[in-house]
Amino acid sequence: MPEILEKLAQTVEGSKKNRNITILTLSTCMWCKKCKAWLKDHDVQYKYVDVDQIDFKEKSKIIDYLRDKYQARVSYPYMICDNEVVVGYNPGKYEELMKSGGD
């Protein structure tokens, strides 16, 4: 994870800490809120950054990093789970990732 994401990310505590999860969201996005709620309901610890609440230059750096590193389109919510990416709200994929995490 780049330093800028580490600096900006806020942690939400949960008892399931077996995966390193960071989500990039928009504070007003219904699907982003559903993603956060899914993680909370499943007691998963995660970090998040509401990209619409940060400086434009920081947002640009983050988006450039995501495009270079993961070669995936950038849409929200954007979940990085260890080294895997889930673009968009996809509870089926979240469940799959949690099961493969060994918790």
Original post:
What number of residues within segment 7-20 satisfy the criterion of being under 12 Å from the mean Cα position of the chain (by Cα) and either at pLDDT 95 or above or over 20 Å from Glu96 (Cβ atoms) (or both)?
Top reply: 4
Original post:
Counting just the residues of segment 25-37 that are exposed (fewer than 13 other Cβ atoms within 10 Å of the Cβ) and polar (S, T, N, Q), which one comes out nearest to Gln10 (Cα to Cα)?
Top reply: Ser27
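Would you be able to tell me the number of residues in segment 73-96 that are within 16 Å of Trp31 (Cβ to Cβ) and touching a helix residue (DSSP H, G or I) at 6+ places or on another chain (Cβ under 8 Å)?
Here is the first cut: in segment 73-96, the ones within 16 Å of Trp31 (Cβ to Cβ) are 73-79, 85-94.
Still in the running and touching a helix residue (DSSP H, G or I) at 6+ places or on another chain (Cβ under 8 Å): 74, 76-79, 85-86, 88-89, 91, 94.
Summing the residues that are within 16 Å of Trp31 (Cβ to Cβ) and touching a helix residue (DSSP H, G or I) at 6+ places or on another chain (Cβ under 8 Å) in segment 73-96 gives 11.
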Original post:
How many residues are surrounded by fewer than 15 Cβ atoms within 10 Å (Cβ to Cβ) and in a helix (DSSP H, G or I) when one looks only at segment 43-57?
Top reply: 4
**OP:** Would you be able to say whether some residue in segment 9-19 is aliphatic (A, V, I, L, M) and in a loop (DSSP other than H, G, I, E, B)?
**Re:** yes
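For Lys40, indicate whether it is in a helix (DSSP H, G or I), of a type in the set (D, E, K, R), surrounded by fewer than 18 Cβ atoms within 10 Å (Cβ to Cβ) and touching a helix residue (DSSP H, G or I) at 6+ places or on another chain (Cβ under 8 Å).
Numbers: in a helix (DSSP H, G or I): yes; of a type in the set (D, E, K, R): yes; surrounded by fewer than 18 Cβ atoms within 10 Å (Cβ to Cβ): yes; touching a helix residue (DSSP H, G or I) at 6+ places or on another chain (Cβ under 8 Å): no.
No, not satisfied.
The values are calculated or read from the model by the stated rules, or taken from the named source; none is laboratory data. What you see is a predicted model; the values in this text were computed from it and never measured. For neighbour counting, all protein chains shown are included, and Cβ atoms are generated from backbone atoms with ideal geometry for every residue, glycine included.
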